[in-house]
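K.L.:
Provided herewith is a single structure, encoded as structure tokens, for subsequent inquiry.
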Amino acid sequence: MAQRICVHIGAPKSGTTYLQTILAGNKKRLRDAGVLLPNRKSGDFENVASWVRGAASPRVWDRMSRDIRAFDGTVLLTSEWFCMAEPDHVARFVDALGTDQVDVVYTARSFMSSVPAAWQQLLKSGHASSLEEFVASMDRHPEQEGRRRWGWNTLDPAVVLPHWRDAVPPSRIHLVTVPTPGADPTLLWNRFATACGFSPEGCQLDLAVPNQSISAEVARLLQLIGPQLREAVRADRDGWRVQKRWIRRYFSEQVLLPQGGHPIAVGDHELHLLRQRAEQTVAFLRESDYHVIGDPEELLQHRSKPGARAVADVSSAELLELASAVMPQLLGRLREESERAHAAEVALRASRAAAER
């Protein structure tokens, strides 16, 4: 049985992609050092996080739990969507882990950075809103699964961590602050490894690829056509995998993101609201008995990017220029897919004809 189980529960947009890329690229090195990542495919941890909330079958967890029981060392599970678990989910999950040596790790980032980044994820999935509307809706919990992922219920440690403290002692709940921009790029990794109880040394770190932000111009285009994109791929009918593949990964990230543009500016009113919330959270952390690695003051920091502009200031002429740049690329992809489908159909016909001879 594992001697220790660490569950990295998020938060989303807090360096999780950076950390998970390092973990995946160093899986064998970590195993040799006594740290097991018990996933066999990239989506296994997300599947388990869904199972914890009762939204997936136990098949992946059943297999993963067998591997955990067979390992004598430290086990690490990581998904930013573990943070969506409610207290009753947490109690069942910790009980299913089968040991009282459970540690919870939560990476927290300045709200002035994480909230605009979360809003961009919604835009990249075809959900049209302004940043102002998004900030104003952070306390709401609509029925849609996708929207519940982006609120204070996932981004604020003052909301998330209390869900775990009845099942895990606060001294074993570790909050890791994300360093401010310009800090040593390895600092977050070093803090995270320390929280998980293994040495950060010996791992290859240049594998890590952080998420890229979209530009103000791209954000404005997605605001205008997002609902039509969702309708075109029948996202509401066919589920999140469809919108993730076609709207977010293909259209938003592969087609639009490389077009560049200006960084997105956050309005003064929204910055004020987010800082107020951050100040409340920092006060909560200073009064709590959770184990903090880093400096809570980092959650209050914000640095505007040079050249940033408001999304609402993007002109119609700029949108036309952006659309003109991506239309040929879309037509080229359409031709490639059409020719691939035609070739497959010709091959199938030939195979059937040969079988009939």
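The values are calculated or read from the model by the stated rules, or taken from the named source; none is laboratory data. These numbers were taken from a predicted model, which means no experiment stands behind them. Neighbour counts are summed over all protein chains in view; Cβ atoms, including those assigned to glycine, are modelled from backbone coordinates with ideal geometry. Heavy atoms of the whole protein, side chains included, go into the accessibility calculation; ligands, DNA and RNA do not. Shrake-Rupley method; radii C 1.70, N 1.55, O 1.52, S 1.80 Å.
K.L.:
Restricted to region 41-52, and to residues that are of a type outside the set (Ser, Thr, Tyr) and at pLDDT below 95, which residue is surrounded by the most Cβ atoms within 10 Å (Cβ to Cβ)?
P.N.:
Just the residues of region 41-52 that are of a type outside the set (Ser, Thr, Tyr), to begin with: 41, 43-49, 51-52.
Narrowing further to those that are at pLDDT below 95: 41, 43.
Values: Lys41: 9, Gly43: 13.
It comes out as Gly43.
K.L.:
Return yes when Ala158 is small (Gly, Ala, Ser), in contact (Cβ under 8 Å) with a residue 24 or more places away in the chain and more than 28 Å from Ser252 (Cα to Cα) and no when it is not.
P.N.:
Values: small (Gly, Ala, Ser): yes; in contact (Cβ under 8 Å) with a residue 24 or more places away in the chain: yes; more than 28 Å from Ser252 (Cα to Cα): yes.
Spelling it out, Ala158 is indeed small (Gly, Ala, Ser), in contact (Cβ under 8 Å) with a residue 24 or more places away in the chain and more than 28 Å from Ser252 (Cα to Cα).
K.L.:
For region 206-224, which positions are open to solvent by 50 Å² or more (accessible area, probe 1.4 Å) and either free of Cβ contacts under 8 Å to residues at least 24 places away in the same chain or among the hydrophobic types (A, V, I, L, M, F, W, C) (or both)?
P.N.:
Residues of region 206-224 that are open to solvent by 50 Å² or more (accessible area, probe 1.4 Å), as a first pass: 206-207, 209-213, 220, 224.
Of everything in region 206-224, those that are open to solvent by 50 Å² or more (accessible area, probe 1.4 Å) and either free of Cβ contacts under 8 Å to residues at least 24 places away in the same chain or among the hydrophobic types (A, V, I, L, M, F, W, C) (or both) turn out to be Asp206, Leu207, Val209, Leu224.
K.L.:
State all residues of region 19-40 that are open to solvent by 30 Å² or more (accessible area, probe 1.4 Å) and either at positive phi or of a type outside the set (Asp, Glu) (or both); if no residue qualifies, say none. Break it down into steps so the answer makes sense when it comes.
P.N.:
Taking region 19-40 as the starting set, the residues that turn out to be open to solvent by 30 Å² or more (accessible area, probe 1.4 Å) are 20-21, 24-25, 27-29, 31-33, 40.
Within region 19-40, Gln20, Thr21, Ala24, Gly25, Lys27, Lys28, Arg29, Arg31, Ala33, Arg40 meet the criteria.
Here's the yes/no breakdown for (1) over 16 Å from Ile9 (Cα atoms); (2) touching a helix residue (DSSP H, G or I) at 6+ places or on another chain (Cβ under 9 Å):
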| site | (1), (2) |
| --- | --- |
| Arg53 | no, yes |
| Pro58 | yes, yes |
| Ser65 | yes, yes |
| Arg69 | yes, no |
| Asp72 | yes, no |
| Leu76 | no, yes |
| Ser79 | no, yes |
| Cys83 | no, yes |
| Pro87 | no, yes |
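K.L.:
Next up: Just give me the residues in region 65-102 being open to solvent by less than 50 Å² (accessible area, probe 1.4 Å) and either of a type in the set (Asp, Glu) or closer than 14 Å to Met1 by Cβ (or both), in sequence order.
P.N.:
Within region 65-102, Ser65, Asp67, Ile68, Phe71, Gly73, Thr74, Val75, Glu80, Ala96, Leu97, Thr99, Val102 meet the criteria.
K.L.:
Something else about it: All but one of (1) modelled with pLDDT under 90; (2) over 22 Å from Leu131 (Cα atoms); (3) of a type outside the set (Val, Ile, Thr); (4) in contact with a helix residue (DSSP H, G or I) (Cβ under 7 Å, 6 or more places away or on another chain) hold for Gln212, so report the exception by its number.
P.N.:
For Gln212, the exception is condition (2).
K.L.:
Taking the condition at pLDDT 85 or above and open to solvent by 30 Å² or more (accessible area, probe 1.4 Å), does Arg230 pass?
P.N.:
Values: at pLDDT 85 or above: yes; open to solvent by 30 Å² or more (accessible area, probe 1.4 Å): no.
So Arg230 does not fit the description; no.
K.L.:
Take the conditions surrounded by 10 or more Cβ atoms within 10 Å (Cβ to Cβ) and over 27 Å from Thr154 (Cα atoms) and apply them to Leu348. Does it pass?
P.N.:
Working: surrounded by 10 or more Cβ atoms within 10 Å (Cβ to Cβ): yes; over 27 Å from Thr154 (Cα atoms): yes.
Against the criterion (surrounded by 10 or more Cβ atoms within 10 Å (Cβ to Cβ) and over 27 Å from Thr154 (Cα atoms)), Leu348 qualifies.
K.L.:
Do any helices (runs of 4 or more DSSP H) lying entirely in region 67-169 carry at least 1 residues that are closer than 26 Å to Glu298 by Cα, at pLDDT below 95 and not hydroxyl-bearing (Ser, Thr, Tyr), and which ones are they? Lay out the reasoning, then the answer.
P.N.:
On the way: elements: 87-97, 111-123, 131-136, 145-148, 152-155, 157-160.
Where helices (runs of 4 or more DSSP H) fall fully within region 67-169 and carry at least 1 residues being closer than 26 Å to Glu298 by Cα, at pLDDT below 95 and not hydroxyl-bearing (Ser, Thr, Tyr), they are 111-123, 131-136, 145-148, 152-155.
K.L.:
Of the residues in region 177-205, how many are closer than 27 Å to Ala308 by Cβ, open to solvent by less than 40 Å² (accessible area, probe 1.4 Å) and not in a loop (DSSP other than H, G, I, E, B)?
P.N.:
Total satisfying the criteria: 2.
K.L.:
Next up: Consider region 273-308. How many of its residues are open to solvent by 20 Å² or more (accessible area, probe 1.4 Å), hydroxyl-bearing (Ser, Thr, Tyr) and under 25 Å from Val135 (Cα atoms)?
P.N.:
The qualifying residues number 1.
K.L.:
A further question on this structure: Taking region 233-252 as the search range and keeping residues that are among the hydrophobic types (A, V, I, L, M, F, W, C) and open to solvent by 80 Å² or more (accessible area, probe 1.4 Å), which one is nearest to Ser50 (Cα to Cα)?
P.N.:
Of region 233-252, the ones among the hydrophobic types (A, V, I, L, M, F, W, C) are 233, 235, 240, 242, 246-247, 251.
If we keep only those that are open to solvent by 80 Å² or more (accessible area, probe 1.4 Å) too, we end up with 240, 246.
Values: Trp240: 13, Trp246: 22 Å.
Only one residue fits best here, namely Trp240.
K.L.:
Taking region 23-66 as the region of interest, how many residues are assigned to a loop (DSSP other than H, G, I, E, B) and either under 26 Å from Pro87 (Cβ atoms) or not charged (D, E, K, R) (or both)?
P.N.:
The qualifying residues number 14.
K.L.:
Looking at Pro179 and the list (1) within 28 Å of Leu122 (Cβ to Cβ); (2) without any contact (Cβ under 8 Å) to a residue 60 or more places away in the chain, which single condition is not satisfied?
P.N.:
The single condition Pro179 does not satisfy is (2).
K.L.:
Moving on. Checking Val160 against (1) open to solvent by 30 Å² or more (accessible area, probe 1.4 Å); (2) within 28 Å of Asn190 (Cα to Cα), only one condition comes out false. Which one?
P.N.:
(1)
K.L.:
Step by step: first the residues of region 260-272, then only those that are in a helix (DSSP H, G or I) and open to solvent by 40 Å² or more (accessible area, probe 1.4 Å), then the one that is farthest from Gln223 (Cα to Cα). Which residue is that? Step through it out loud before you land on a result.
P.N.:
Narrowing region 260-272 to residues in a helix (DSSP H, G or I): 268-272.
Add one more test, that the residue is open to solvent by 40 Å² or more (accessible area, probe 1.4 Å), and what stays is 268-269, 272.
Numbers: Asp268: 21, His269: 20, His272: 24 Å.
Within region 260-272, the match that is farthest from Gln223 (Cα to Cα) is His272.
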